[in-house]
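No value in this document is a laboratory result; all are computed from the given coordinates. Since the model is a prediction, treat every value here as computed from it, not as a measurement. Cβ: placed from backbone, ideal geometry, glycine included. Neighbour counts: every protein chain shown.
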């Protein structure tokens, strides 16, 4: 059923109803603004949409209609939107030059050419041109025009046409977009994928991934358009998994890497084995992506992950050793502790520092002697001190106190010792730490921020000390704001009251 918009002046309401009856009998669906706009509607938006989706607009011309701003707006918008305009002259009228060039229908006499009107409407409904994407005959002119633009040679016209289709709330527009996802032109496929309204439809993934076949396209779609593939996949959920698994076999290295990252985001139960298989990929970047991504999965449910990753701890390539150490630490893989302790003797200091950090994350208390011994290694001093705090072994407290109070250690090492003691919930050192923050000018601001964050994690036991910093008039205002945030996180009565007093006095 074709949609017809009838534009008329209120003085001609009776005749417009006759037109409506005639066209209904002929099988047309009619839009008449006087009847179909409700109070409170955004009339301009409703009118625009109704005209845009109409196959033709009949304008009932009378002297009153010729000066009506509403009637003039409607036929002018229709011409601009590519909608067929059929002028129907009810009473002798001076036509606007834009209308005067159109074939008018003379309804001023007693014999009215209804058959000719129906013939004109029928022509409007059958006019079409062949396009790569087929479109229904009854599709709105705006849809047909956008689809036709996809066959132009201008890439900018392609993007504009796709964006227009995406903005149209019409089944024909959505159907055209869906077909554009498989268009022969790559740029059209990509544009359709990024603009498709249903972000949970897995059919958009091939086009989104296709940008990685051309770095120029990556630049356009990920930097200029600021679209995020991972955000889309997160919305899509597990329905994306089968396509992601297919992409693991793609010829393009970057597509395989992005598919791996996406699987790490969704963490499907059947995603582990394909990622373990990816550890044997011929491309080193793919293997590194797979190692990192395996750190997102549950080690308890997939014990074999640690076994596969430990093999990389002895790899000749430093980068593989580093990434494997980081991932094993993230997984808290206790079965890797002995190998990580061995790496504390590695020739490269960057490997030793990552091994110390990983041991801290894993929290295996038996690693304490090895970390204590590593305190002599000045190249990884900070990482070892922090690892002692994360380890969760209170037997490390004496070592950390010695560092905190010793002038032989750098201010960075003392700061790390303060953070670690707070992680171990040693509240006895809080007064001294507060004094150091206030009085010790050798502490960097970044170090002080780190200590304040650790105090917030300590909770209520740190409130009094944080308040001392907050009310100290010599403290940097930025640091005081950080303390106020920390007190807000602790959120006790005393903490809230202190922040309110401070805000009032500022």
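To the nearest 10 degrees, how steeply does helix 43-52 sit against the main Cα axis of the chain, on a 0 to 90 scale?
70 degrees
Evaluate E = 1/(1 + (r/R0)^6) for residue 377 and residue 198, where r is the Cβ-Cβ distance and R0 equals 45 Å; express this FRET efficiency to the nearest 0.05. Could you put the intermediate results ahead of the total?
Working: r = 55 Å, r/R0 = 1.23.
That pair, residue 377 with residue 198, gives E of 0.20.
Is the C-alpha gyration tensor of the stretch 393-506 telling us rounded, prolate or oblate? Criteria: a/c under 1.5 is rounded; beyond that, a/b larger than b/c is prolate, otherwise oblate. Kindly include the intermediate steps, with their values, before the conclusion.
Details: a/c = 2.53, a/b = 1.52, b/c = 1.67.
Because a/c hits 1.5 or more and a/b fails to exceed b/c, the stretch 393-506 counts as oblate.
What does the highest-first list of 138-149, 12-23 look like by mean Cβ count within 10 Å? Walk me through the numbers on the way to the answer.
Details: 138-149: 21.5, 12-23: 16.1.
The most tightly packed comes first, giving 138-149, 12-23.
Quickly estimate the mean residue ellipticity at 222 nm for the chain, helices only: each DSSP H run with n ≥ 4 gives -39500 (n - 2.57), and the total goes over all residues, rounded to 500.
Working: 31 runs with 299 residues, N = 506.
Theoretical 222 nm ellipticity from helices: -17000 deg cm²/dmol.
Would you mind computing Rg(Cα) / (2.2 N^0.38 Å) for the stretch 298-392, counting N as its residues?
0.98
In nm, what is the difference between 0.36 nm times the number of residues separating residue 98 and residue 425 and their Cα-Cα distance?
109.5 nm
To the nearest 0.05, how large is the calculated FRET efficiency for residue 111 and residue 73 if R₀ is 45 Å and r is the Cβ-Cβ distance?
According to the calculation, E is roughly 0.90.
Packing-wise, with mean Cβ within 10 Å as the measure, how do 180-187, 206-213 rank, highest first?
On the way: 180-187: 16.8, 206-213: 20.6.
For the peptides 180-187, 206-213, the packing ranking is 206-213, 180-187.
Between residue 471 and residue 230, what is the label-point separation in nm under the 7 Å Cα-to-beta-carbon projection?
4.5 nm
Where in the stretch 337-357 does the label zone of residue 330 land, with the point 7 angstrom along Cα→C-beta and an amide N cut-off under 14 Å?
None, by backbone N distance to the label point.
Students often check this: by mean Cβ neighbours within 10 Å, which of 310-320, 243-253 ranks highest, and how do the rest follow?
243-253, 310-320
On full extension of the chain, what length is gained from residue 410 through residue 48, given 0.36 nm per residue of separation minus the C-alpha to C-alpha distance? Spell out each step's value before the answer.
On the way: separation 362, 0.36 × 362 = 130.32 nm, distance 7.08 nm.
Difference between extended and current length: 123.2 nm.
What share of Cα pairs, in percent, lie more than 29 angstrom apart in the chain? Don't jump to the answer; show the numbers that get you there.
Details: 87799 of 127765 pairs.
Considering the chain, 69 percent of its Cα-Cα pairs are separated by more than 29 Å.
Could you work out how far apart the two model spin labels at residue 250 and residue 501 are, taking each label as a point 7 Å from the Cα in the direction of the beta carbon, and quote it in nm?
Placing both labels 7 Å along Cα→Cβ, they lie 5.9 nm apart.
Please compute the length gained on full extension between residue 123 and residue 314, using 0.36 nm multiplied by the number of residues separating them and subtracting their Cα-Cα distance.
Values: separation 191, 0.36 × 191 = 68.76 nm, distance 7.65 nm.
Working it through step by step, the gained length comes to 61.1 nm.
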